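**Q** The structure under discussion is supplied below as structure tokens; questions concerning it will follow.
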Ligand code: CTP
């Protein structure tokens, strides 16, 4: 097996250190990163220097430790650090830095650097259990994760002052492996063109009413954003007005299944990968009333007709080298129904969900999926945050693209 730390070689890592008792373990993270061949630039907050000396990091890292935004020789060290970094890692990440980062507050060198970078960021939190479990901290982490920030959850164990519980800094060796994994994944979709659909289509009945569904678009957005972060050129065709959390995604707003087909089908020839995460209506009203239907006119009779099946249309046009990913929203016989859709629509990877489960599928932040491959193999995921599931789906896409190359 290849060395899991290989991705660190020659990469520039900003190592942020905050004021917590676990700051002494950041010394070991620093040493391990340097040993693996990374170039480490340490940034200590003022509180960190109460726990560990800047000199320790200056001696072990690749350049002298920085401790302040204003007192060094560089006029704007945060942009220099942020722009030049391949990754920013914060060990330990205290409740304070997590809160500042989630709210865009930049009042020292580390918090300014976090805002001045487009590189992947990994936080390794450490704090007492009460602080770790506080809703303010957890909600800030949800916000940061949604923006693509990576978090190595703390372990349970002995804490400062003799307490025992959740909040102990993850093992330094694990943190370093996580950084290597993030760097290995960053950029692995560079050169690929993705089209992702998200949200539920709305089929108008009259100017104010429509037939819709419960799709929130969260899964499609998570995939589009993660693909862009990994270097792909991404078009997101969405029924949701929300902008993406990642810049550079070409967002096209649509409303109906027919709109979606009109945008997606002509672009298909230029795509390497299409992910149809949208919940597309199968039927639409045959006649759309020009004026609002009035109650006084009695119960309306809405006659439906089929919409275009976008995925099936793409499956019929697919060329060698193109990859088609479908989603199957099911409420029973999930695997069988998804496999049948996969075969019928010419899909390479089908992500099947039981949307009747309260913690998976529509509207919620989590998902549990069965991934079906055209080879006939399959895998089941545990309950995951939609961003984590997006990462797994993209990992599988990378593997399949690699096999075809
Ligand atoms: N899909 C599509 N166009 C449609 C309907 C569905 O492109 N008119 C796509 C969805 O984006 C999804 C896949 O087909 O990737 C499966 O959608 P799903 O709603 O689960 O299945 P249907 O084919 O609509 O079948 P049914 O509603 O009978 O379960």
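**Q** Just a yes or no: is a residue in the stretch 244-256 assigned by TED's automatic domain parsing to the domain that holds residue 385, in contact with a helix residue (DSSP H, G or I) (Cβ under 8 Å, 6 or more places away or on another chain), over 22 Å from residue 341 (Cα atoms) and within 16 Å of the ligand (Cβ to nearest atom)?
**A** Within the stretch 244-256, one or more residues are assigned by TED's automatic domain parsing to the domain that holds residue 385, in contact with a helix residue (DSSP H, G or I) (Cβ under 8 Å, 6 or more places away or on another chain), over 22 Å from residue 341 (Cα atoms) and within 16 Å of the ligand (Cβ to nearest atom).
**Q** Okay, next question. Quick one: residue 260 ticks every box in (1) touching a residue at least 40 places away in the same chain (Cβ under 8 Å); (2) surrounded by 23 or more Cβ atoms within 10 Å (Cβ to Cβ); (3) under 25 Å from residue 148 (Cβ atoms) except a single one, so which number is it?
**A** Among (1) touching a residue at least 40 places away in the same chain (Cβ under 8 Å); (2) surrounded by 23 or more Cβ atoms within 10 Å (Cβ to Cβ); (3) under 25 Å from residue 148 (Cβ atoms), residue 260 violates only (3).
**Q** Scan 277, 281 and give me the residue that is crowded, with 18+ Cβ neighbours inside 10 Å, within 12 Å of the ligand (Cβ to nearest atom) and under 30 Å from residue 118 (Cβ atoms).
**A** Selected residue: 277, the only one of 277, 281 that is crowded, with 18+ Cβ neighbours inside 10 Å, within 12 Å of the ligand (Cβ to nearest atom) and under 30 Å from residue 118 (Cβ atoms).
**Q** Can you give me the ranges of the helices (runs of 4 or more DSSP H) entirely in the stretch 26-102 with at least 3 residues that are surrounded by 21 or more Cβ atoms within 10 Å (Cβ to Cβ)?
**A** Correct list: 77-84, 95-102.
**Q** While we're looking at this one, here's another question. Please work out if residue 280 is assigned by TED's automatic domain parsing to the domain that holds residue 347, over 20 Å from the mean Cα position of the chain (by Cα) and farther than 23 Å from residue 368 by Cβ.
**A** So residue 280 does not fit the description; no.
**Q** Before we move on, is residue 5 touching a residue at least 24 places away in the same chain (Cβ under 8 Å), surrounded by 14 or more Cβ atoms within 10 Å (Cβ to Cβ) and under 28 Å from the mean Cα position of the chain (by Cα)?
**A** yes
The values are calculated or read from the model by the stated rules, or taken from the named source; none is laboratory data. From a predicted model like this one, the values you see are computed outputs, not experimental measurements. Glycine also receives a Cβ, built like all others from the backbone with ideal geometry; neighbour counts cover every protein chain displayed.
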